[in-house]
Amino acid sequence: MHLNIREIDHVVIRCADLDTMVNFYRTVLGCPVEKEQRDLGLVQMRAGRSLIDLLAVGAKIDRPESGQPGAGRNMDHLCVRVEPFDVHTLRAYLEKHGARIGEDARRYGAEGFGPSLYLFDPEGNMVELKGPPEA
């Protein structure tokens, strides 16, 4: 047998403050709520063809051994492909929304080298906004 991975289906981020995180991913990154399962402490946000699952710490399906929420150590970072990609416009937009912004650089991703910009969500998780690949 041979596995053929097409794309990332979802990423799960453990959250100390679920509502603040939902608001950030919806308002700042434009991810609409796909499904809410508050009884499980889970809100699933649509990110293009993928999902970003936000899970409340201490919730029914939470696994405390997965990391310390609020410390930005649940994962190294989440990368989402965005279009259009203009680093100056993106920086201005993120600053307007009070997001902590990291460095922009040429980085390698699923489609090859291209521009990217790092930022941090309200609980310190790094998010990379990835632009189109170089020609």
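Okay, here's what the table says:
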read-out	value
Loop-resident sites, the range 30-135, for trypsin sites (Lys or Arg not before Pro), counting at most 10 other Cβ within 10 Å (DSSP)	Arg38, Arg49
Neighbour-count order for Val33, Val12, Val127, fewest beta carbons within 10 angstrom listed first	Val33, Val12, Val127
Cleavage-rule hits, GluC sites (Glu not before Pro), the range 78-135, DSSP coil, Cβ neighbours within 10 Å at most 11	Glu134
Theoretical ellipticity at 222 nm over the chain - DSSP helices of four or more residues, -39500 (n - 2.57) apiece, nearest 500	-4500 deg cm²/dmol
GluC sites (Glu not before Pro) lying in DSSP loop within the range 1-69, provided at most 14 other Cβ fall within 10 Å	Glu7
Qualifying lysines (Cα of each under 21 Å from Cα of Lys96; at least 8 residues distant if same chain)	Lys130
Residues Tyr118, Tyr25 arranged by fewest to most Cβ contacts within 10 Å	Tyr118, Tyr25
Ascending count of other beta-carbon atoms within 10 Å, so fewest first, for His88, His10	His88, His10
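Each reported figure results from applying straightforward, stated rules to the coordinates on display, with no laboratory input. Bear in mind the structure is a predicted one, so any value in this text is a computation, not a measurement. Every residue, glycine among them, receives a Cβ derived from its backbone with ideal geometry; neighbour counts consider all protein chains shown.
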